[in-house]
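To start, the structure itself, in structure tokens.
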Amino acid sequence: MSPACRYRPGLRHWHPLLLSREVGRRPVARRLAGQAIVLFRTASGRVGAVAEACPHRRLSLAVGRVQGEDLVCAYHGWSFDPEGAIRCPLMPARRQKHQAFQVCEAHGLIWVREAIGPQPPLPHWSSDGLMLAGTVMHHVPVPLELTLDNFTEVEHTSTIHQVFGFADPREIKHRIELEPGATHVWNSGPQKWFLPLFNGLIDNRPGDCFANDWVTTFEPLLTIYEQTWLSPEGKLRRFRLKVVMFFVPLDNAVTQLVTLIFSPRVLPGPLHRLLAAPIIRAVTSRELNLDVWALKQLADLDTELNPLSLGPLDRVLLENRRRLQPNYLSKLV
Ligand code: FES
Ligand SMILES: [Fe+2]
């Protein structure tokens, strides 16, 4: 890990790092909180994650190969099992360990944590009877705090977003509720004008009231959004979205968003999976691309909030920073 890493050494919570299908027999390199990691799938299907630099002479284990249950370094053939046990052809009796990370697979994702302290449970959430429309990944080239600021602030939905947003920030009814380990935000107001194709698919109409409520928790950093629509007569529309978003610090300047999107079935039989789910996934992912675009336009990557002229919808940012700091950041912000 770089000594200049901004994140706490030893993130002890589970972080979703890759889609399960991204890890096959060929090793893949990733970063988590500034640490370079190589992940690989053994012959029996287990996934291992070890520090990228070979402890012998620092070759990247990402150019190694999987043999049986081991990852074999391409330079001198030392091998490593998923727990980090080292086998060296010239010193077969020597017992050595390489840094290994704990790994588990669930929800179509590979979750990684440092092997320290008691193992916490995986994050869990209720799908509320909704169907998974897809899981999308985005890499945001800004630090964790700035990424979280964007995704827990509602004002920009009127300007940056094209589908999931409020027509006018002055008409948003906004409320926050605070707990020691969570922030809750409720927003409601007139919905932006929808794309006609999407409108038809989900049976929402211009003039609907949009409600975008979310809760952010910090072990690991996660926001769960509940998005619903009301007709002008106050009737809840059938279509709604539940969005589960993880914020994963890859390194000082890059944050990975892992977003699971849940919706009701909107088309019968396989048509939902073949047509509706891909559209819902694509529309949501495009909205997230607009967030990424906005974050890329930041004039600098200063994470300090104090000198800024914050508005009335920004209060939750300060509250989130207080709760984020003890778990993630290696210095006070
Ligand atoms: S550098 Fe990996 S075995 Fe020598
Ligand atoms: Fe946004």
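The values are calculated or read from the model by the stated rules, or taken from the named source; none is laboratory data. Since the model is a prediction, treat every value here as computed from it, not as a measurement. Positions of Cβ are backbone-derived with ideal geometry, glycine not excepted, and every protein chain shown enters the neighbour counts. These accessible areas exclude ligands, DNA and RNA; they are computed on the full protein's heavy atoms, side chains included. Shrake-Rupley method; radii C 1.70, N 1.55, O 1.52, S 1.80 Å.
Tabulated results
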read-out: Cross-chain or 6+ apart pairs with Cβ under 7 Å, the stretch 182-196 first and assigned by TED's automatic domain parsing to the domain that holds Arg321, then hydroxyl-bearing (Ser, Thr, Tyr) and open to solvent by 20 Å² or more (accessible area, probe 1.4 Å); value: Ala182/Thr217
read-out: Residue selected from the stretch 74-96 under the condition touching a residue at least 12 places away in the same chain (Cβ under 8 Å) and away from ligand 1 (no atom under 11 Å from the Cβ), by the criterion surrounded by the fewest Cβ atoms within 10 Å (Cβ to Cβ); value: Glu83
read-out: Some residue of the stretch 170-187 being at pLDDT below 95 and within 25 Å of the chain's Cα centre (by Cα); value: no
read-out: Residue count for the stretch 1-46, restricted to those that are assigned to a strand (DSSP E or B), aliphatic (A, V, I, L, M) and under 21 Å from Thr135 (Cα atoms); value: 7
read-out: Extreme residue, surrounded by the most Cβ atoms within 10 Å (Cβ to Cβ), among residues of the stretch 97-120 that are in a loop (DSSP other than H, G, I, E, B) and without any contact (Cβ under 8 Å) to a residue 40 or more places away in the chain; value: Ala115
read-out: Subset of the stretch 251-283 that is among the β-branched types (Val, Ile, Thr) and modelled with pLDDT of 95 or more - its residue that is most open to solvent (accessible area, probe 1.4 Å); value: Val254
read-out: Matching residues, the stretch 284-302, being outside any helix (DSSP H, G or I) and buried (at least 16 other Cβ atoms within 10 Å of the Cβ); value: none
read-out: Sole residue being in a helix (DSSP H, G or I), open to solvent by 10 Å² or more (accessible area, probe 1.4 Å) and outside the structural domain of Asp81 (by TED's automatic domain parsing), chosen from His161, His124, His139, His156; value: His156
read-out: Residues located in the stretch 56-71, provided they are buried (at least 19 other Cβ atoms within 10 Å of the Cβ) and near ligand 1 (Cβ under 9 Å from one of its atoms); value: Leu61, Gly64
read-out: Options His107, His76, His98, His56; residue that is modelled with pLDDT of 95 or more and in contact with a strand residue (DSSP E or B) (Cβ under 6 Å, 6 or more places away or on another chain); value: His98
read-out: Condition met for Thr217 (hydroxyl-bearing (Ser, Thr, Tyr), open to solvent by less than 40 Å² (accessible area, probe 1.4 Å) and touching a residue at least 24 places away in the same chain (Cβ under 8 Å)); value: no
read-out: Members of the stretch 304-325 found to be assigned to a helix (DSSP H, G or I) and touching a residue at least 60 places away in the same chain (Cβ under 8 Å), listed by number; value: Pro312, Leu313, Asp314, Arg315, Val316, Leu317, Glu319, Asn320, Arg321, Arg323, Leu324
